[in-house]
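These notes concern the structure reproduced below.
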Amino acid sequence: MIEVGLITRFSLRFFRELFKPHFEFSEFLRQCFFIGNKSLPLVAITAFIMGLVITIQSRPTLVEFGAQAWLPKMVSVSLVREIAPVITALICAGKIGSGIGAELGSMKVTEQIDAMDVSGTNPYKFLVVTRVMATTLMIPILAILADSVSLYGGYLGSNIHGVVSWNLYWNQVFDTLVFADVIPSIAKTFFFGFAIGIIGCFKGFNSSKGTEGVGQSANSAVVISSLLVFIIDLLAVQITDILNLN
């Protein structure tokens, strides 16, 4: 409970610092490039494989009921609503969360953060605000790209044991997907990105015990941010269901 309070206070400080003047725009762009561009290949490969595997695994069950024509519709909804955004967030929690925790943790134990504070630079605004904003912005973009790549993987999977034309597949996909599927799935990725960034920065900013503490910060950043991704996803599903019922 103490750590929850500390994370909450750390998060509130983020919103205070965010609206203060002199935003570190160049550092923000650098972090966007690092988070987005460096993570894109891993996210794209994973999304493609997930789309391919889910399509191949789902086909035999649908064939038993004579409903193989529903394969593109079922796969597209499951990928866009849940699988692609959550898998993207978990990949970023492992790659980006640990990277931020280790980077800031090493700066903390080598007293670089203290040196920035002494020199008149606001280390929180330069290190934390830019990274959290970058994760909050880039993870939704990565999730949208993952949606597209996974749907293409689903198209290839549909043609392994059958023949589905390009136009027929995409017509079924877009006829099935509605804004109620797409908008909530993209909206929750902003919260995924914020959680991953704030936890990674919190763990790195409060690292101690030398190099051992850096490893612990990176490890705990991955564990806690991954757990938060599932919690946020659960809350988002419940809220979406309530709104759809109304």
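The values are calculated or read from the model by the stated rules, or taken from the named source; none is laboratory data. This structure is a prediction, so every number in the text was calculated from the model and none was measured. Methodologically, a virtual Cβ is constructed for each residue, glycine included, from the backbone with ideal geometry; neighbour enumeration extends over all protein chains shown.
Tabulated values for the structure
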read-out: Residue within segment 222-230 that is out of contact with any Asp or Glu (no Cβ under 8 Å at 6 or more places or on another chain), within 17 Å of Leu104 (Cβ to Cβ), free of Cβ contacts under 8 Å to residues at least 24 places away in the same chain and assigned to a helix (DSSP H, G or I) present; value: yes
read-out: Boolean, Tyr124 is of a type in the set (Phe, Trp, Tyr), in contact with an Asp or Glu (Cβ under 7 Å, 6 or more places away or on another chain) and either assigned to a helix (DSSP H, G or I) or within 29 Å of Phe33 (Cα to Cα) (or both); value: yes
read-out: Test set (1) in contact (Cβ under 8 Å) with a residue 60 or more places away in the chain; (2) within 24 Å of Val129 (Cβ to Cβ) - Ser26 fails condition number; value: (1)
read-out: Those residues of segment 99-118 which are touching a residue at least 40 places away in the same chain (Cβ under 8 Å) and of a type in the set (S, T, N, Q), in sequence order; value: Ser106
read-out: Number of the condition not met by Lys95 [criteria: (1) surrounded by fewer than 19 Cβ atoms within 10 Å (Cβ to Cβ); (2) closer than 30 Å to Asp175 by Cα; (3) in contact (Cβ under 8 Å) with a residue 24 or more places away in the chain]; value: (2)
read-out: Filter result for Ala187 (modelled with pLDDT under 90, part of a helix (DSSP H, G or I) and under 23 Å from Phe28 (Cα atoms)); value: no
read-out: Residue check, Asp181 over 25 Å from the mean Cα position of the chain (by Cα), part of a helix (DSSP H, G or I), surrounded by fewer than 20 Cβ atoms within 10 Å (Cβ to Cβ) and among the charged types (D, E, K, R); value: no
read-out: Residues being among the hydrophobic types (A, V, I, L, M, F, W, C), within 18 Å of Gln68 (Cα to Cα) and under 29 Å from the mean Cα position of the chain (by Cα) - total across segment 140-165; value: 2
read-out: Residue match in segment 43-57 (condition: at pLDDT below 90 and within 16 Å of the chain's Cα centre (by Cα)); value: no
read-out: Residue match in segment 9-27 (condition: farther than 30 Å from Ser208 by Cα and surrounded by 15 or more Cβ atoms within 10 Å (Cβ to Cβ)); value: no
read-out: Among the candidates Leu245, Leu235, residue that is modelled with pLDDT of 90 or more and among the aliphatic types (A, V, I, L, M); value: Leu235
read-out: Failed item in (1) more than 26 Å from Ser39 (Cβ to Cβ); (2) part of a helix (DSSP H, G or I); (3) among the aliphatic types (A, V, I, L, M), with Ile139 passing the rest; value: (1)
read-out: Residue within segment 194-204 that is surrounded by fewer than 16 Cβ atoms within 10 Å (Cβ to Cβ), under 30 Å from Leu18 (Cα atoms) and touching a residue at least 40 places away in the same chain (Cβ under 8 Å) present; value: no
read-out: Filter result (without any contact (Cβ under 8 Å) to a residue 60 or more places away in the chain and part of a helix (DSSP H, G or I)) within segment 156-167; value: Trp166, Asn167
read-out: Residue under evaluation Asn206, criteria (1) more than 30 Å from Pro123 (Cβ to Cβ); (2) at pLDDT below 90, criterion not met; value: (1)
read-out: Among residues of segment 131-157, those that are farther than 15 Å from Ala89 by Cα and either acidic (Asp, Glu) or in contact with a Lys or Arg (Cβ under 8 Å, 6 or more places away or on another chain) (or both), counted; value: 1
